[in-house]
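Data first, discussion second: the structure below is written as structure tokens.
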Amino acid sequence: MKNKNKNVKKTNVKKQAVKEKVKKIDENKGGVEKNKKTWAALRGMHDILPKEEKYWKTMYNVAAKSAEYMQFSRIETPILEESSLFIRSIGKGTDVVEKEMYVFEDADGGKICLRPEATASVVRAYVTDGLWNNPQPVKLWYWGPMFRHDRPQAGRYRQFTQVGFENIGILDPAADAELIMIAYNFYKDLNLPVEIHINSIGTPEERERYKNELLNYYRTKKSYLCEECRKRMQKNPLRLLDCKEEQCQGVKEEAPQIIDWLSESSKSYFMKVLEYLDELGIPYVLRPSLVRGLDYYTHTVFEVYPISGEGAAQSALGGGGRYDLLVEELGGKATPAAGMALGIDRSVIYMKEYYQQNQLRVEKENYDIFFAQLGDRAKGRAMKILDELRGSDIKIAFNLYKNSLKTQLDIANELKVPYALILGQKEVQEGTIIIRDMESGIQEIVDQKKIETALKKKLKKFDDTNK
RNA sequence: GUGGCUAUGGUAUAAUGGUUAUUACAUCGGUUUGUGGUACCGAUAAUUCGGGUUCAAUUCCCGAUAGCCACCCCA
């Protein structure tokens with residue numbers, strides 16, 4: 001008796017010492033120590049943290065599934081490209097090229113840049129990788145980071161992720177409608193209400209004629225205009241129709257509309273696209289002022305907007321259009337094409353907001369069981385069993401670093417698992433394991449060799465009756 | 001790129017020109033080491049950075065940085 005007590009005391013003292021050491025180690029983990037340099041992410045760059053992962057994963061899956069169904073093949077192009085590629089495609093005078101590109105010299109002295117968008121890269125690949133020899137059209141999709149040195153705001157980052165779809169080698173209103181359908185369905189699958197803003201900007205010649213007409217009209221109204229608009233007349237006449245100043249609204253309403261300046265064939269092409277959208281039941285708003293900021297667009301242009309979004313989500317979630325001249329512009333044969341890209345960061349923000357407001361939830365990873373272990377020998381055996389159950393399709397949560405059963409069951413409870421496995425010294429010796437029903441608390445002892453079958457029998461998802 | 005607003009633990013917040021900076025959640029530990037949900041106790045953790053005013057600044061001023069808002073533009 002006496003001896004035993006002594007031993008207990010001794011081990012307690014030992015335990016204390018060990019505990020304090022462990023505590024010291026614990027104190028050093030994580031956190032930020034004072035007077036040490038730390039690094040923040042660069043301006044406009046952000047980390048996507050584990051708690052956001054469920055949104056990103058959901059979006060990727062929705063896009064990939066849609067791409068497969070619509071027969072778009074995945075393409076991945078480099079993040080770095082020659083800057084002239086974008087100057088040529090997006091256009092010299094555009095904001096994206098003029099002030100937002102990350103351009104620098106590489107070690108060879110070449111002017112390269114981080115891609116501000118991917119359409120140019122995809123078209124480059126189409127031209128240089130001989131994709132024009134494939135059955136036409138070539139339908140491609142991508143997902144990846146883009147870079148624009150813009151002033152950051154919510155949903156506007158310097159590195160952001162886009163998913164995009166490009167359909168190269170076909171001039172058919174059905175292709176345009178198809179892209180809009182993919183964009184619309186992307187949000188539909190995520191339960192997010194959006195609407196499509198759409199317009200046609202015709203051919204460059206038609207657009208030029210219209211621009212002149214618009215300028216003629218605005219010149220006569222110059223005295224009514226705001227300062228911005230007077231600048232726009234010089235710089236970017238098509239943007240005149242975007243003005244939000246009250247004093248310009250009247251002038252805007254009376255202004256000529258581009259649709260009236262399109263040729264018959266351009267007009268009927270656009271009408272056909274709209275007919276398809278009607279047939280598909282996709283809500284759209286005709287927006288004569290929609291012109292888009294990249295030079296390569298022709299004919300159909302569209303943008304996707306959240307419905308009733310507040311704040312950051314108010315800006316476009318995505319957009320696209322036809323770019324019939326781009327392939328030729330980038331050195332290929334004259335080839336019609338159309339494409340569309342969606343902003344994932346913005347969509348995630350919208351999804352979070354909308355889901356919170358409407359009490360929708362993204363499904364989290366659910367575990368089937370929690371595996372609790374007790375004692376040294378059980379820990380080793382538990383690892384072995386976990387290893388054996390890998391590939392069983394049973395999702396098992398566990399924490400091998402906690403020694404108290406209480407804590408482990410606490411975790412099990414938080415994870416809302418229906419069952420827990422408990423393995424202690426006794427079970428190790430007997431070759432058994434306890435299966436605990438977390439709701440009723442009823443426990444069952446089974447042979448370790450029969451864990452998998454016993455669990456599958458209990459878990460609903462392995463229920464064969466539905467098959 | 002232009003203009004504006006803001007900056008307190010991981011998150012959300014309170015307060016103040018002057019002792020030890022409030023609270024909640026989260027995290028970690030515990031309430032005798034083999035049984036969870038509740039409860040209780042405890043621990044860790046913050047005034048963005050740099051200047052100035054002042055006896056004294058987290059608080060007032062200036063600057064930097066970052067975030068946000070509007071414009072621009074776009075995803």
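Annotation for segment A:49-104: trypsin sites (Lys or Arg not before Pro) lying in DSSP loop with at most 13 further Cβ atoms inside 10 Å of their Cβ are A:Lys92. Binning all Cα-Cα separations of segment A:248-376 at 10 Å, short to long from zero, yields these whole-percent fractions: 9, 26, 29, 18, 9, 4, 4, 1, 0. Tell me, how many Å apart are the Cα centres for segment A:256-309 and for segment A:95-127? Comparing the Cα centres of segment A:256-309 and segment A:95-127, I get a distance of 28 Å.
Under the simplified labelling scheme, the A:Leu459-A:Lys395 pair shows an inter-label distance of 0.9 nm, with each label point 7 Å from Cα along Cα→Cβ. Scattering from the C-alpha atoms of segment A:302-389 alone, worked out with Debye: what is log10 I(q)/I(0) at q = 0.24 1/Å? The calculated log intensity ratios at q = 0.24 Å⁻¹ are -1.12.
Its residues counted as N, segment A:166-236 yields a C-alpha radius of gyration over 2.2 N^0.38 Å of 1.65.
Here the calculated FRET efficiency for A:Leu215 and A:Asp47, from their Cβ-Cβ distance with R0 = 60 Å, stands at 0.80, rounded to the nearest 0.05. Of the GluC sites (Glu not before Pro) in segment A:338-378, the ones in a loop by DSSP (not H, G, I, E or B) with at most 15 other beta carbons within 10 Å are A:Glu363, A:Glu365.
What is the calculated FRET efficiency for A:Glu363 to A:Ser223, with r their C-beta to C-beta distance and R₀ = 60 Å, to the nearest 0.05? So the FRET efficiency works out to roughly 0.50.
Can you give the log10 of the normalised intensity I(q)/I(0) at q = 0.08, 0.10 Å⁻¹, computed with Debye over equal Cα scatterers of chain A? So the normalised log intensities work out to -0.67, -0.89. Over all Cα atoms in segment A:369-466, the spread is summed up by Rg and Dmax: 12.6, 41 Å. Among the GluC sites (Glu not before Pro) in segment A:269-304, none is located in a DSSP loop while being surrounded by at most 16 other Cβ atoms within 10 Å of its own Cβ. Calculated mean residue ellipticity, 222 nm, chain A: -13000 deg cm²/dmol, from DSSP H runs (n ≥ 4) at -39500 (n - 2.57) each, averaged per residue and rounded to 500. Among A:Phe72, A:Phe104, the order by Cβ neighbours within 10 angstrom, fewest to most, reads A:Phe104, A:Phe72.
Every number in this text was worked out from the coordinates using simple rules, so none of it is lab data. Quick caveat, the model's predicted, so the values are computed rather than measured. Backbone-built Cβ (ideal geometry, glycine too); neighbour counts: all protein chains shown.
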